[in-house]
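Participant: I have a structure here, written as structure tokens, and I will follow up with some questions on it.
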Amino acid sequence: MDNISVCKVRLFQQKEEVRDISAKVRAEYGSIRKSIHPGMKIAVAVGSRGICSIDRIVKTLVDCLREDGAEPFIVPAMGSHGGATAEGQAEILRGYGITEESMGVPVRSSMKVVKLAELEEPVGLPVYMDRYAYDADGVIVTGRVKCHTDFHGSHESGIVKMLAIGLGKHAQALAVHAYGARGLRDYIPLVSRRVIESGKIMGALAILEDGYDHTADLKMAGPEEIFQVDSEFLKRSRKLIAGLPFQEIDVLIVDEMGKEISGTGMDTNIIGRIRIPGEPEGSPLCRSIAVLGLSEASHGNALGVGLADVTTKRLADAVDWKVTNENVITSGFLQRGFLPVVAGNDREAVRIAVRSCGKPDMENLKLARIRNTLNLEEVYLSGALFREVLADARGEKLTDFTSLSFDREGRIDPF
């Protein structure tokens with residue numbers, strides 16, 4: 001492994017950034033302002049993804065509501081995340097800087113729901129809403145729109161999904177996930193329409209991010225516009241999303257996975273692995289994946305570790321299996337919770353990944369190292385992959401080639 005040379009490369013991603021986020025939120029808020037009246041109790045639903053500037057977006061929104069005399073409060077809208085507990089979900093928001101102190105409004109976290117209806121097709125599928133949100137005079141959902149890590153359809157990970165799985169909490173997650181990927185693709189829109197028909201939804205603030213994880217656009221959708229805005233933002237997201245510009249990677253080293261990085265710890269759209277029976281795998285083809293660490297913001301939730309082939313003892317030691325299993329079992333996609341081969345340290349994990357990729361020719365080994373699947377601006381590439389980037393002018397070289405380096409404990413050197 002000492003003869004594996006890599007260089008740091010800046011990959012060119014799509015860029016489209018909102019310069020003044022607070023001003024943009026205020027401008028979009030204007031579209032629903034006429035429906036806000038003094039004394040109204042408004043639930044602002046916030047999810048569990050690591051969204052760029054989510055604390056500033058939410059703070060500006062609640063400030064707008066307060067300025068118009070409303071009494072906003074925040075509810076976590078995140079299905080089974082946080083161990084499917086009220087305390088765990090409030091802790092996730094706290095990790096994003098969203099607290100009662102920082103927002104200036106209450107954070108009301110509960111797993112209690114109200115049953116709104118049952119669908120005719122599939123027969124008996126219940127529709128739920130967070131109890132605090134239901135008891136409010138109105139609800140505004142905030143959420144990022146992007147490609148989903150489990151399925152592809154007209155509506156994937158976005159404000160339509162937030163209305164169902166987010167506001168419906170663990171109960172809705174269990175009910176929809178019971179149908180597998182089909183439930184997510186086909187039934188989330190049906191559940192969301194019933195939620196909108198409840199009359200509780202005043203609007204949804206859709207967030208779009210570019211290839212550099214910056215806020216690219218914000219759009220407040222009224223109840224009748226939610227599906228249209230969600231669909232439009234999804235189409236734009238597919239063009240903006242960051243990616244690794246390769247068809248094949250022999251070894252992919254991921255320094256860190258985490259729930260704030262992706263709902264699956266590592267974004268399946270980046271690593272090309274789905275690992276859901278019956279669902280096709282994606283691109284690129286990664287022959288061997290080593291994931292080295294688990295982010296603090298995951299609070300021990302390692303859903304998605306099963307997407308890798310090799311991991312480390314330090315990652316395994318950081319896993320809260322009660323929290324992880326709750327999320328994995330609720331999703332129904334158990335393979336994503338399988339523990340890969342556990343190496344003693346980073347050096348050993350990389351060595352195992354290289355040995356098992358089926359490419360003994362080190363000179364032509366296609367190896368990439370990334371911080372995580374959200375931050376892809378700077379990566380380390382072996383010569384074989386760098387030549388591909390250079391040939392298509394998709395990046396620029398930042399450092400000379402040097403061997404992969406580890407400290408005395410076998411931990412890989414920082415980026």
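The values are calculated or read from the model by the stated rules, or taken from the named source; none is laboratory data. Just so we're clear, the structure is a prediction, and the values are computed from it rather than from any experiment. Methodologically, a virtual Cβ is constructed for each residue, glycine included, from the backbone with ideal geometry; neighbour enumeration extends over all protein chains shown. Note: areas computed on protein heavy atoms with side chains; ligands, DNA, RNA excluded. Shrake-Rupley method; radii C 1.70, N 1.55, O 1.52, S 1.80 Å.
Participant: For GLY158, which of the numbered conditions (1) of a type in the set (Gly, Ala, Ser); (2) under 28 Å from LEU65 (Cα atoms); (3) free of Cβ contacts under 8 Å to residues at least 12 places away in the same chain fails to hold?
Facilitator: The one condition GLY158 does not meet is (3).
Participant: Something else about it: LYS366 - would you say it is closer than 20 Å to ALA290 by Cβ and surrounded by 12 or more Cβ atoms within 10 Å (Cβ to Cβ)?
Facilitator: Considered against the rule, which asks whether it is closer than 20 Å to ALA290 by Cβ and surrounded by 12 or more Cβ atoms within 10 Å (Cβ to Cβ), LYS366 comes out as yes.
Participant: Right, next: Is it the case that some residue within the range 272-286 is modelled with pLDDT of 95 or more, over 13 Å from ASN372 (Cβ atoms), open to solvent by less than 40 Å² (accessible area, probe 1.4 Å) and assigned to a strand (DSSP E or B)?
Facilitator: The answer is yes; a qualifying residue exists.
Participant: Another question, then. Here is a list: PHE386, PHE338. Which entry is among the aromatic types (Phe, Trp, Tyr) and under 25 Å from the mean Cα position of the chain (by Cα)?
Facilitator: PHE338
Participant: Let me spell it out: the conditions are (1) part of a helix (DSSP H, G or I); (2) surrounded by fewer than 18 Cβ atoms within 10 Å (Cβ to Cβ), and GLY199 meets all of them except one. Which number is the exception?
Facilitator: It fails just one condition, (1).
Participant: Here's something else I'd like to know. Test ALA133 against the stated conditions and say whether it is under 23 Å from LEU190 (Cβ atoms), out of contact with any helix residue (DSSP H, G or I) (no Cβ under 9 Å at 6 or more places or on another chain) and buried (at least 18 other Cβ atoms within 10 Å of the Cβ).
Facilitator: So ALA133 passes the test.
Participant: Next question, about the same structure. Suppose we filter ALA302, ALA290, ALA242 for residues that are of a type in the set (A, V, I, L, M) and assigned to a strand (DSSP E or B); which single one remains?
Facilitator: On the way: ALA302 fails: assigned to a strand (DSSP E or B); ALA242 fails: assigned to a strand (DSSP E or B).
Being of a type in the set (A, V, I, L, M) and assigned to a strand (DSSP E or B) holds for just one of ALA302, ALA290, ALA242, which is ALA290.
Participant: Show me the strands (runs of 3 or more DSSP E) found entirely inside the range 1-107 where at least 2 residues are closer than 30 Å to THR402 by Cα, open to solvent by less than 40 Å² (accessible area, probe 1.4 Å) and not polar (S, T, N, Q). Let's see the steps before the verdict.
Facilitator: On the way: elements: 5-11, 41-46, 71-76.
Of the strands (runs of 3 or more DSSP E) lying wholly inside the range 1-107, those with at least 2 residues that are closer than 30 Å to THR402 by Cα, open to solvent by less than 40 Å² (accessible area, probe 1.4 Å) and not polar (S, T, N, Q) span 5-11.
Participant: While we're here: Exactly one of (1) under 16 Å from the mean Cα position of the chain (by Cα); (2) surrounded by 23 or more Cβ atoms within 10 Å (Cβ to Cβ) is unmet by GLU260. Its number?
Facilitator: Failed condition: (2).
Participant: Starting from the range 231-242, take each residue that is under 15 Å from GLY143 (Cα atoms) and in contact (Cβ under 8 Å) with a residue 60 or more places away in the chain and list its partners that are of a type in the set (Val, Ile, Thr) and surrounded by 21 or more Cβ atoms within 10 Å (Cβ to Cβ), counting only C-beta distances under 6 angstrom and pairs at least six apart or across chains.
Facilitator: PHE233/VAL145; LEU234/VAL145; SER237/VAL145
Participant: Would you mind stating whether THR373 is farther than 16 Å from ILE4 by Cβ, in a helix (DSSP H, G or I), touching a residue at least 24 places away in the same chain (Cβ under 8 Å) and of a type in the set (Ser, Thr, Tyr)? Give the derivation first.
Facilitator: Details: farther than 16 Å from ILE4 by Cβ: yes; in a helix (DSSP H, G or I): no; touching a residue at least 24 places away in the same chain (Cβ under 8 Å): yes; of a type in the set (Ser, Thr, Tyr): yes.
So THR373 does not fit the description; no.
Participant: Residue check: is THR330 assigned to a strand (DSSP E or B), open to solvent by less than 50 Å² (accessible area, probe 1.4 Å) and either at pLDDT below 95 or of a type in the set (Val, Ile, Thr) (or both)? Explain how you work it out, then say what you get.
Facilitator: Numbers: assigned to a strand (DSSP E or B): no; open to solvent by less than 50 Å² (accessible area, probe 1.4 Å): yes; either at pLDDT below 95 or of a type in the set (Val, Ile, Thr) (or both): yes.
For THR330, the condition - assigned to a strand (DSSP E or B), open to solvent by less than 50 Å² (accessible area, probe 1.4 Å) and either at pLDDT below 95 or of a type in the set (Val, Ile, Thr) (or both) - is not met.
Participant: Taking only the range 385-415 into account, find how many residues are touching a Leu at 6+ places or on another chain (Cβ under 9 Å), in contact (Cβ under 8 Å) with a residue 40 or more places away in the chain and open to solvent by less than 60 Å² (accessible area, probe 1.4 Å).
Facilitator: 6
Participant: Could you pull out the residue among ALA343, ALA349, ALA353 that is under 14 Å from ASP250 (Cβ atoms) and open to solvent by less than 60 Å² (accessible area, probe 1.4 Å)?
Facilitator: On the way: ALA343 fails: under 14 Å from ASP250 (Cβ atoms); ALA349 fails: under 14 Å from ASP250 (Cβ atoms).
Of ALA343, ALA349, ALA353, the one residue that is under 14 Å from ASP250 (Cβ atoms) and open to solvent by less than 60 Å² (accessible area, probe 1.4 Å) is ALA353.
Participant: Filter the range 136-147 down to residues that are farther than 14 Å from PRO223 by Cβ and open to solvent by less than 10 Å² (accessible area, probe 1.4 Å), then give me how many there are.
Facilitator: Residues that pass the stated criteria total 4.
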